[in-house]
Amino acid sequence: MIYVENILICIVIPLIIASFFVKGNVRSFSASFVIGMLVCLVSAYISGTIDVIGGIGSEQTSIYISPMIEELMKLLPMIFFLYIMEMNDEQLILCAVSTGAGFATFENCVCLLTGDTYTFSFVLVRGLAVGVMHIVCMAALTFGLIMARKLKVLSIPSIVGAFSLSVTFHAIYNLLVSKPGITSYIGFALPVMTAVILYISFHKLIEE
Amino acid sequence: MITDSIRVITYAIAAAVLLVVLFKSIADVKRKRRPITMSFFAFGVIGILVNDVYWWIHSLMYPDIRFPFSPDEIGACAVYMLMSAALLTIFDKPIKALPHTAFTAAFSAANIALWIGWSGEWIKDIISGVVFAYLLCTCVRSLKESDVFSKKQWAAAAAAALALVCIQTLIFFISSEIQKLLDIFCYILMLAACLYLYVRALLSLKKSSLEERTALSFSAFSCCLVSMYMSAEPIYFMFSLGYTLCTVIMFLAIHGTEKERCDDLR
């Protein structure tokens, strides 16, 4: 049996060692990537515990509980980057996207290593939909925070607003892919489409 | 089937209205027209829109499942907080209205108790209820500060709120025939309150001050929300549409009159 903690150790240690030899944005990227993976593990622990204690069932946990827990856990490092490290917009986007990428990578690794043999189409969907979704959620959250800071309205309501945006997006995705058929196809396409919109918006925002 | 059709129509109208309001408010933020108030308001509108999309998809895919705390509750809490923040930016000095705030807090607590009684969802109702109470208290304090109601009108509002809570509590303990009559009375009372605030908010758009306009429009929005949470489908959708349409009045109230815009440009 493969333990998820073992997978984490195998991926995280080389990244931590590598980050000592690099500087600047590359170090920020690898550190945030590691944070993303740790956040994924902690989220899985919390969601799993709630599932077991509440007797909710894995399907309902993934539709209702996971989006809230995962996005809350991803918000915490962002608050740290924003308030304690006082990062600028570009650094914030870099760290947010790499945290999301770390989260998605670890989730995909665990899914592939602990499950049965998968088809190539499944792996492609896993990478393009789930992988991109976590990055999009983090990008949406950061976009909200940066906008709020630019407009001088960064306060508890704005943070909760940005957080709710990422939670609802994640929940919509999980809802759509929870049943096979047309809704799941819409769900799989949603992260990529949103990623394109956010990519354009980010570039406009940075140019302004 | 009819309820499903009404739901689809309501969500479609709501989405169209909210998108227009959102683009208009973003345009105002870009033009630096009350940017802070408008930013909070625009964030709130985004929250309503995304929540509506979530609920629409949820009701299509899982019409019979109600989870004790679903992700859209966070969205609802965010909307209440953002709208409160938008309203508070209008009033420069701290608003003091202790008796009114205390009564509103008690009314909100009674509302939370009723929601729990109807749905049995403790966690959800308490968390979102507390934030909703904050929005209601902010609206009442802004109404008091802008002095839009006379003493008699305040007394009438308090009496209506008290009657609503008492009747809704009574409905738990009586037979179904009288229950229907009391329910109809409550719907009429809520509709009258919403319409009164709607008309006052609309009339205030042309000649009243910014404080009065925003206080009335945000209160009409809150009143529609209270009524919506106290209603069953399909009347629920009517109040749902009402609070969506209220965002238009709220936008116009913050946006300002022609004269104000000219004064700002000078």
note = segment B:73-172: helices (runs of 4 or more DSSP H) wholly inside it with 3 or more residues that are basic (Lys, Arg) are B:122-146
Among (1) within 14 Å of chain B (Cβ to nearest Cβ); (2) under 15 Å from the mean Cα position of the chain (by Cα), the one test that A:ASP51 misses = (2)
task = Give the number of residues within segment A:174-185 that are touching a residue at least 12 places away in the same chain (Cβ under 8 Å) and more than 10 Å from every other protein chain (Cβ to nearest Cβ).
result = 1
remark   = So, first residue part of a helix (DSSP H, G or I) in segment A:45-57, second residue among the hydroxyl-bearing types (Ser, Thr, Tyr), Cβ within less than 6 Å, six or more apart or across chains; the pairs are A:SER47/A:THR61; A:SER47/A:SER66; A:ASP51/A:THR61
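Rundown of residues vs (1) surrounded by 21 or more Cβ atoms within 10 Å (Cβ to Cβ); (2) modelled with pLDDT of 90 or more; (3) β-branched (Val, Ile, Thr), yes/no style:
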{"site": "B:SER150", "(1), (2), (3)": "no, no, no"}
{"site": "B:ILE184", "(1), (2), (3)": "no, no, yes"}
{"site": "B:SER209", "(1), (2), (3)": "no, no, no"}
{"site": "B:ALA220", "(1), (2), (3)": "yes, yes, no"}
{"site": "B:GLU233", "(1), (2), (3)": "no, no, no"}
{"site": "B:MET238", "(1), (2), (3)": "no, no, no"}
query = If B:ILE112 satisfies every condition in (1) in contact (Cβ under 8 Å) with a residue 12 or more places away in the chain; (2) within 30 Å of A:GLY181 (Cβ to Cβ) but one, which is the exception?
reply = (2)
ask   = Just for segment A:135-161: of the residues that are without any contact (Cβ under 8 Å) to a residue 40 or more places away in the chain and under 19 Å from the mean Cα position of the chain (by Cα), which one is farthest from the other protein chains (Cβ to nearest Cβ)?
value = A:GLY144
Selection status of B:SER70, more than 30 Å from B:PHE172 (Cβ to Cβ) and either surrounded by fewer than 20 Cβ atoms within 10 Å (Cβ to Cβ) or within 14 Å of another protein chain (Cβ to nearest Cβ) (or both) = no
request  = Could you please find all residues in segment B:53-67 being among the hydroxyl-bearing types (Ser, Thr, Tyr) and either touching a Ser or Thr at 6+ places or on another chain (Cβ under 6 Å) or within 7 Å of another protein chain (Cβ to nearest Cβ) (or both)?
outcome  = B:TYR54
message = Would you confirm, using the coordinates I've provided, whether A:ILE65 is at pLDDT 90 or above and either crowded, with 20+ Cβ neighbours inside 10 Å or not acidic (Asp, Glu) (or both)?
response = no
inquiry  = Yes or no: segment B:34-41 includes at least one residue that is assigned to a loop (DSSP other than H, G, I, E, B), crowded, with 18+ Cβ neighbours inside 10 Å and more than 10 Å from every other protein chain (Cβ to nearest Cβ).
reply    = yes
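The values are calculated or read from the model by the stated rules, or taken from the named source; none is laboratory data. From a predicted model like this one, the values you see are computed outputs, not experimental measurements. Ideal geometry is used to build each Cβ from the backbone, glycine not excepted, and the neighbour counts take in all protein chains shown.
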